[in-house]
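Worksheet: the structure to be examined is printed underneath.
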Amino acid sequence: MAAWQMADGDKTLTVAPADIPTAAPHEIVIETRATAVNPVDWVMQSMGRNAFGYLTCPTIFGFDVAGTVHAVGDRVTRFKVGDRVLGLSCREEDGPHSHKYRGAGYSSHAFVAERLAAPIPPEMAFHDAAVLPMGVCVAATGLFQDDYLQLQLPTIPAKRREEWLLITAGASSIGACAIQLATSAGYNVVTTSSPGNFGLVRSLGAAYTIDYHRPQQEQYDELVAFFSDKSLAGALSIGSITDQTSTVESLCADVVARTPKPHSVKRKFVAFVSRVPQKLPEEIEHKFVWGTSLEYSSIGPAIFEDFLPKALATGQIRPLPRALVVGHGLDAIQSALDRQREGVSARKVVVTL
């Protein structure tokens, strides 16, 4: 069974039978016990082919899944049937780096690449584990891949470094994962959030916080002053994927451009998660973050195989922001999409199955 988008423009998902996916050689098939909602899910439903021209219906949305392994591909070595896992359910149409991605998270069984899956500690609930996959993928891509910020990889325990990093929207799903990954790699993090979430982002490891409700000029002045005597490795800009009036992207670029580049940093770089501003300072190098590209990078197994299993087991990486479970069963997926679209703060909308 699955929650289907039957036609482009439909405002309600339809629960109907679906075949259990066949695992490709390097994939596992997960019996889904929990799935989380990301903004891109309801954007894909509401905007359809207007924004994602490759979409064909009927189709299944959803990327974040946690559950038990139902089947394994013939080249899978890390998992066996019955294992408790989390993963990103995603396949790219037309092959690697086409950015024509689709998921299968809103279904009873979902395919996941072995490189984007990790075991769940016995004490971790499925609904908690489901908040992580997309956030980890996007954050790790922007922070560690060679064509992005090129930061050093996280370790257990973390090896402290002198460099600092600016991460906006620290209480968001991607922001929370980014702070934890960056601090696990030894970097010092400055982040933005509402004052009500300062405690959360500091518990994740942020060393300095700024209220993003303040006027942008005030934020800019404070950040430039703060970084004036520090080594800034760059910025991960996280904003709204639908708000075209957002200014956080320009803020990140302007702060990085103004801050002196330390000798340990090769370039002034901003990784953009939401959108790239039309005008940027000339010295800024940048790239939009495609989190799905982690499957084709050495960073994928470095995070999901070498780091995340032990980091979850030891508590160095925690499933935050906390899950907001809004229902049980595929019938609850549409209301979950609607709830996420209304807006949540420091929570991630989850449905259990």
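Coordinate-derived values only; no laboratory data. These numbers were taken from a predicted model, which means no experiment stands behind them. Every residue, glycine among them, receives a Cβ derived from its backbone with ideal geometry; neighbour counts consider all protein chains shown.
Please compute the Cα-Cα pair-distance distribution of segment 1-151 with 5 Å bins starting at 0, giving whole percents from short to long.
Percent of pairs per bin, in order: 2, 10, 18, 22, 21, 16, 8, 3, 1.
Test of the criteria: in segment 204-292, which GluC sites (Glu not before Pro) are in a DSSP loop and have at most 10 other Cβ atoms within 10 angstrom of their Cβ?
Numbers: sites: E218, E222, E249, E282, E283, E285; in loops: E282, E283.
Passing sites in segment 204-292 are E282.
How are the C-alpha pair distances of segment 176-226 spread across 5 Å bins, as whole percents from the shortest bin up?
Bins of 5 Å from zero give 5, 22, 29, 21, 18, 5, 0 percent of pairs.
So what is the diffusion coefficient of the chain in µm² per second by Stokes-Einstein at 4 °C and 1.567 mPa s, using a Kirkwood Rh over Cα pairs?
64 µm²/s
Using DSSP to define loop residues, name the GluC sites (Glu not before Pro) in segment 99-194 whose beta-carbon has at most 12 other beta-carbon atoms within 10 Å. All intermediate terms of the calculation are to be shown ahead of the outcome.
Details: sites: E114, E123, E162, E163; in loops: E123, E162, E163.
Taking segment 99-194 and a limit of 12 other Cβ atoms within 10 Å, the loop GluC sites (Glu not before Pro) found are E123, E162.
Assuming 0.36 nm per residue, please report the length gained on full extension of the stretch D338 to Q216 beyond their Cα-Cα distance. Don't skip to the end; give the middle numbers.
On the way: separation 122, 0.36 × 122 = 43.92 nm, distance 2.99 nm.
Working it through step by step, the gained length comes to 40.9 nm.
What is the distance in Å between the Cα centroid of segment 193-266 and that of segment 120-152?
Value for the Cα centre distance between the two parts: 21 Å.
When the convex hull of the C-alpha atoms of segment 138-290 is computed, what volume per residue in Å³ does it have?
Values: hull volume 15.6 nm³, N = 153.
Residue-normalised Cα hull volume stands at 102 Å³.
Just the Cα atoms of segment 1-62, one point each, no solvent: what log10 I(q)/I(0) does Debye give at q = 0.12, 0.25 Å⁻¹?
Values, matching the q order: -0.34, -1.15.
Counting only pairs 8 or more places apart or on different chains, how many lysine pairs in the chain have C-alpha atoms closer than 25 Å?
Close lysine pairs under the 25 Å cut-off: 22.
Work out, step by step, the length gained on full extension between Y54 and Q150: first 0.36 nm times the residue separation, then minus their alpha carbon distance; give nm to one decimal. It would help to have the intermediate numbers written out before the result.
On the way: separation 96, 0.36 × 96 = 34.56 nm, distance 3.06 nm.
The span from Y54 to Q150 would gain 31.5 nm if fully extended.
Of all DSSP beta bridges in the chain, what percent run antiparallel (nearest 5)?
Details: 33 of 58 bridges.
Roughly 55 percent of the beta bridges in the chain run antiparallel, per DSSP.
Karplus couplings for segment 214-225 from phi (6.51 cos²θ - 1.76 cosθ + 1.60, θ = phi - 60°), rounded to Hz, Gly and Pro as x?
After applying 6.51 cos²θ - 1.76 cosθ + 1.60, I find 5, x, 4, 4, 5, 4, 4, 4, 5, 5, 4, 5 Hz.
Treating only the Cα positions of segment 135-214 as identical point scatterers, give the base-10 log of I(q)/I(0) from the Debye formula at each q in 0.13 Å⁻¹.
-0.34
State, to one decimal in nm, how far the label point of D83 lies from the label point of T247, with both points 7 Å from Cα in the Cβ direction.
Label-label distance for D83 and T247, simple model: 4.8 nm.
Enumerate the amide H contacts of L232 below 5 Å, restricted to partners 5 or more residues apart or on another chain; note that Pro and chain-start residues carry no placed amide H.
W164
Pop out the ³J(HN,Hα) list for segment 279-296 in order, Karplus 6.51 cos²θ - 1.76 cosθ + 1.60 with θ = phi - 60°, rounded to Hz; leave Gly and Pro as x.
Using θ = phi - 60°, the values come out as 10, 9, x, 4, 7, 7, 9, 7, 6, 6, 8, 9, x, 5, 5, 4, 4, 9 Hz.
How far apart, in nm, are two points set 7 Å out from the Cα along the Cα-to-Cβ line at K11 and at E283?
A separation of 5.0 nm, rounded to one decimal place.
Which trypsin sites (Lys or Arg not before Pro) does segment 38-86 hold that lie in a coil by DSSP with at most 12 other beta carbons within 10 Å? Show your work: numbers first, answer last.
Values: sites: R49, R75, R78, K80, R84; in loops: R75, R78, K80.
Here the trypsin sites (Lys or Arg not before Pro) that fit, given the DSSP loop and packing criteria, are R75, K80.
For a quick check: with amide H placed at 1.01 Å from N, whose amide H comes under 5 Å from T32's, ignoring anything fewer than 5 positions away on the same chain?
Hits under the 5 Å cutoff: H109, A110.
With a point put 7 Å past each Cα toward its Cβ, work out how far V276 is from M47 in nm, to one decimal.
1.6 nm
With θ taken as phi - 60° and the coefficients 6.51, -1.76 and 1.60, list the Karplus ³J(HN,Hα) couplings across segment 159-174 in order, rounded to whole Hz; mark glycine and proline as x.
Once θ is set to phi - 60°, the couplings for segment 159-174 become 9, 5, 10, 8, 6, 10, 9, 9, 10, 8, 6, x, 8, 6, 4, 5 Hz.
Where the centre of each part is set by its Cα atoms, how far does segment 319-351 sit from segment 50-87, in angstrom?
Cα centroid to Cα centroid, the span is 19 Å.
Out of residues 5 or more away from A323 or on other chains, whose amide H comes under 5 Å of its own, with H placed 1.01 Å from N in the peptide plane?
K348
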